[in-house]
Amino acid sequence: MIKEILKKTEEKMQKCVSNLKHEFAAIRTGRATPALLDTVKVNYYGTLTPLKQVASITVPQANLLLVRVWDKTVVKEIEKAILKEDLGLMPQVEGETIRIPIPPLSEERREELVKIVRRIAEEGRVSIRAHRRHTREQIEEMKKKGEIPEDDAFRAEKDLQKLTDTYIEEVDKILQMKEKEIREE
């Protein structure tokens, strides 16, 4: 029973880390990556469709994204969607291809981005701790009801803390990597 609870908690903590990675991928660092356009949704025949479902996105150079549109009738819609997403990118349409140069970041913008990623990482840590608190409450409740012995409850809380420490450490590592990526030119 305790193992199941800890396993579910670990899965929730893994989701927190995975969400953090996803959010970090959308933050522009001056380097081109297709993940920058993950949030872009295109009006494709009346339906909001993710950009990667209507075009291929490649990185021919470190500071350039190339969007090859499969249906040339939606080129204008894709251009509008990229501008509307407010990523600070200026798409250049060339037939069925859209070139998106990635401008270098100013030092001020880099520091802003570092603050943003730190805030996102802290939200991830808070979420992980919330899962720990919820699980700890479950363990306490089971102990009160006499469903598990005190020794097992103590061991479970110790294991829970190890899990929490592991995932918080992982969040910190991901944050360090993203900060380094942002500060690089």
If a residue has to be among the aliphatic types (A, V, I, L, M) and in a strand (DSSP E or B) to count, how many in region 49-63 make the cut?
-> 3
Which of the residues that make up region 115-127 are under 15 Å from the mean Cα position of the chain (by Cα) and either of a type in the set (V, I, T) or over 20 Å from T164 (Cα atoms) (or both)?
-> I116, V117, I120
How many of the residues making up region 1-31 are touching a residue at least 60 places away in the same chain (Cβ under 8 Å), not β-branched (V, I, T) and not in a helix (DSSP H, G or I)?
-> 4
Is it fair to say E157 is touching a Lys or Arg at 6+ places or on another chain (Cβ under 7 Å), farther than 30 Å from E181 by Cβ and not small (G, A, S)?
-> yes
With respect to the numbered conditions (1) touching a helix residue (DSSP H, G or I) at 6+ places or on another chain (Cβ under 8 Å); (2) part of a loop (DSSP other than H, G, I, E, B), which one is the sole condition not fulfilled by G88?
-> (1)
Screening E147, E137, E181 for residues that are over 30 Å from V74 (Cβ atoms) and outside any helix (DSSP H, G or I) leaves only E147
Looking at region 32-48, which of its residues are of a type in the set (S, T, N, Q) and either more than 22 Å from G124 (Cβ to Cβ) or part of a helix (DSSP H, G or I) (or both)?
-> N43, T47
Residues (touching a residue at least 24 places away in the same chain (Cβ under 8 Å) and either of a type in the set (D, E, K, R) or out of contact with any Asp or Glu (no Cβ under 7 Å at 6 or more places or on another chain) (or both)) located in region 32-43 | A32, T33, P34, L36, L37, K41
Matching residues in region 139-180 (out of contact with any helix residue (DSSP H, G or I) (no Cβ under 9 Å at 6 or more places or on another chain) and either in contact (Cβ under 8 Å) with a residue 24 or more places away in the chain or within 26 Å of H22 (Cβ to Cβ) (or both)) number 6
So is T47 surrounded by 14 or more Cβ atoms within 10 Å (Cβ to Cβ) and among the hydroxyl-bearing types (S, T, Y) or not?
-> no
Could you check how many residues of region 100-115 are exposed (fewer than 15 other Cβ atoms within 10 Å of the Cβ) and either in contact (Cβ under 8 Å) with a residue 24 or more places away in the chain or assigned to a helix (DSSP H, G or I) (or both)?
-> 8
Selection from region 51-75 of residues that are more than 23 Å from E184 (Cβ to Cβ) and without any contact (Cβ under 8 Å) to a residue 12 or more places away in the chain = Q53, T73
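Bear in mind these aren't lab numbers, they're just calculated from the coordinates by the rules spelled out. Owing to the predicted nature of the structure, the values given are computational and were not obtained by experimental measurement. Cβ atoms come from the backbone with ideal geometry, glycine included; neighbour counts cover every protein chain shown.
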